[in-house]
Amino acid sequence: MEAAVQAALSQVLPGELAGTDPVVRRSDRADFQSNGPLAVAKRAARAPRDLAAEVAAQLSPQGIDAEVSGPGFLNLIIADRPIWQQVANRLTAAELGLPLTQQGERIVVDYSAPNVAKEMHVGHLRSTIIGDTLTRVFARLGATVIRQNHVGDWGTQFGMLIQFINEHPEQTWQGEASMSALDALYRAARAEFNADPAFADRSRARVVALQSGDEATLTTWRELVAESEAAFQAVYDRLGVLLTLDDADGESRYNNDLQGVVDELVARGIAVDSDGALCAFTEGVVGPDEEPVPLIVRKKDGGFGYAATDLATIRLRVDEYKATRILYVVDARQALHFKMVFDVARRAGWLPDDVAATHVPFGTVLGPDGKPFKTRDGGTVRLTDLLDQAVERARSELAEKDHGMALDEFEQVAQAAGIGAVKYADLSNTRTKDYAFDVDRMVAFNGNTGVYLQYAHARIRSILRKAADAGIPAGQPIDPALPLHPAERELALTLDELGAVLDDVARTLEPHRLCGYLFSLARAYTEFYDQCPVLRTEDPAVQANRLALCELTGRTLATGLDLLGITAPERM
Ligand code: ARG
């Protein structure tokens, strides 16, 4: 429709206005509405309604019924036949006929980034699943995606932890439950560091040993990293997140680059001495006191900071990974950090103008009461505990249904529903807003939930199974000559929106748009199924067309859920 109105506009407008945006949108009063003629009329020195009427005249021979309305809008209605044909095309095309609008892009996505020797907690949930969805959408649209897990695996805290481990050989932490053991050791080490100056000194000496490559110290550090990475991977596998060990370019990978980063910044006059530390400043970035905010690249004690490492990530991602675009999926509180890192990297010449670097910020996960999320004793909430809780709720919700599944299938479905519920609840919220983690609401079978969409998908699969059991042949060709029922029309046009929605997600980096789309698709399907009998219809041609709509809806839902990283079970 967009292409047709665009072409019609070009026919009736003077050459220099060809290529005007036709501004086509879905509409309540027709299939679509175009505001293009109205928007361009003034520049073309034409009366809007006259211009719209000329565009309408160009469209009618193409089977598009166009009607001028109001000050010069066009209401557009498509004939039934091309709509059926579009359904048929999508069913036979590879990948639902989605165009590869991101082909040629190389997109680095920095996401998840948990810290070694610490358990993944609720704070890592959003980066992990928002980042993962974005990588899936970009890949589906044809981009080359480079996943980057910027694991926190380096820093002075490891000197302290390794020293503590050396002094307490009786404290085992390898193997099962290693992460909670490590987490406890870490806290004990921190306490001793604060309480005992002699231990603090020995810890500092251990940092020097680690940084100068002392073999025994490095061996323990490598064990810590390996145990932690195995634990992260278990969480990723459970969450259905695509990250693997190969995607980990942790902080330690940049260790040898940091001196060079700082030297270059000093040579270019971008980093200057400020109170013994080396800092860079960004024009216009000032604190509440109107004082410029420093980006600290080397601390007073000579150690490199988080900022130096992030500057180094840009050099690797531009020079070696040849990124055309770099996304940092990190919480909103780090907005200033990234603003300054990108600014400094541009001035240093590490981030060329044709490479976009974007911070993709997100809000905080709050507790069910809307307050900061804490355990009963005030600690941080472990990610695995959250997932257990959601699966448990999904299990009892599902058990109440008459599902007829064997035990192992039931358990798989409960896992898919619980994990899917957590992911969907997160992704369906506006990314930049905080939201409350409310398990009861997220596993509900009704409303805008992951479970509702999984259930809608499973119901369609069950209808298609019943059709097969009744001996109705699958994959019959569509008869495009049949009249469209209004509910069929609405469903078919909604099905056709997937590509535009994915482009929108790629442009805005907002997964909730895909969630909203899938929800409206599921509702359009429900409306269709209420009004248009599928299995109980007498006419085999009508039935074939409706089964095709069921099939395409099922595949579109499954594709959308997959892009959200959510499993779509065959039955529920
Ligand atoms: N490891 C950090 C944390 O847990 C997040 C790192 C985010 N990524 C980055 N490139 N800075 O808070």
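The values are calculated or read from the model by the stated rules, or taken from the named source; none is laboratory data. This structure is a prediction, so every number in the text was calculated from the model and none was measured. Here the Cβ positions follow ideal geometry from the backbone for every residue, glycine too, while neighbour counts run over all protein chains shown. Side chains included, ligands, DNA and RNA excluded: accessible areas come from the protein's heavy atoms. Shrake-Rupley method; radii C 1.70, N 1.55, O 1.52, S 1.80 Å.
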Crossing angle, helix 383-399 versus the chain [Cα axis fit, 0-90 degrees, rounded to tens]: 40 degrees
Under 5 Å, built H, 5+ apart or other chain: amide partners of A248: N149
Accessible area expressed per residue, region 385-522, with surrounding protein chains retained (probe 1.4 Å, Å²): 43 Å²
Mean projected area (nm²) of the alpha-carbon convex hull when region 362-419 is viewed from all directions: 5.3 nm²
Close Lys-Lys pairs in the chain, where close means Cα under 19 Å and separation is 8 or more or interchain: 4
Sorted peptide list for 305-316, 493-504, criterion being average Cβ within 10 angstrom, highest first: 305-316, 493-504
Accessible solvent surface per residue of region 230-359, calculated while the other protein chains remain in place, 1.4 angstrom probe, Å²: 48 Å²
Sorted peptide list for 179-192, 102-115, criterion being average Cβ within 10 angstrom, highest first: 102-115, 179-192
Stokes-Einstein D in µm²/s, Kirkwood radius over Cα pairs - region 450-563 at 37 °C with 0.692 mPa s viscosity: 224 µm²/s
Distance from region 381-427 to region 547-572 (C-alpha centre basis), Å: 18 Å
T220 accessible area, assembled protein chains, probe 1.4 Å, Å²: 20 Å²
Accessible surface, per residue, of region 58-121 when the full set of protein chains is kept, probe 1.4 Å, Å²: 45 Å²
Region 404-476: C-alpha pair distances exceeding 16 Å, %: 59 percent
Between helix 512-531 and the chain: long-axis angle, C-alpha atoms, 0 to 90°, nearest 10: 30 degrees
Accessible surface of the chain, 1.4 Å probe, proportion on carbon and sulfur as whole %: 50 percent
C-alpha long axis of helix 2-12 to longest principal axis of the chain, angle in °: 60 degrees
Accessible heavy-atom area order of F338, F519, highest first, probe of 1.4 Å: F519, F338
Placed amide H near H121: partners under 5 Å, 5+ positions off or other chain: L383
CD proxy at 222 nm, helix term only [per DSSP H run n ≥ 4: -39500 (n - 2.57); per residue of the chain; nearest 500]: -16500 deg cm²/dmol
Relative compactness, region 259-302, computed as alpha-carbon Rg over 2.2 N^0.38 Å: 1.17
Under the Karplus curve 6.51 cos²θ - 1.76 cosθ + 1.60, θ = phi - 60°, whole-Hz ³J(HN,Hα) for region 249-254, x wherever Gly or Pro sits: 10, x, 4, 5, 4, 8
Average Cα contact separation per residue, the chain, under 8 Å, 6 or more apart, as relative contact order %: 14 percent
Two-decimal Rg to Rh for the chain - Kirkwood Rh, Cα set: 1.04
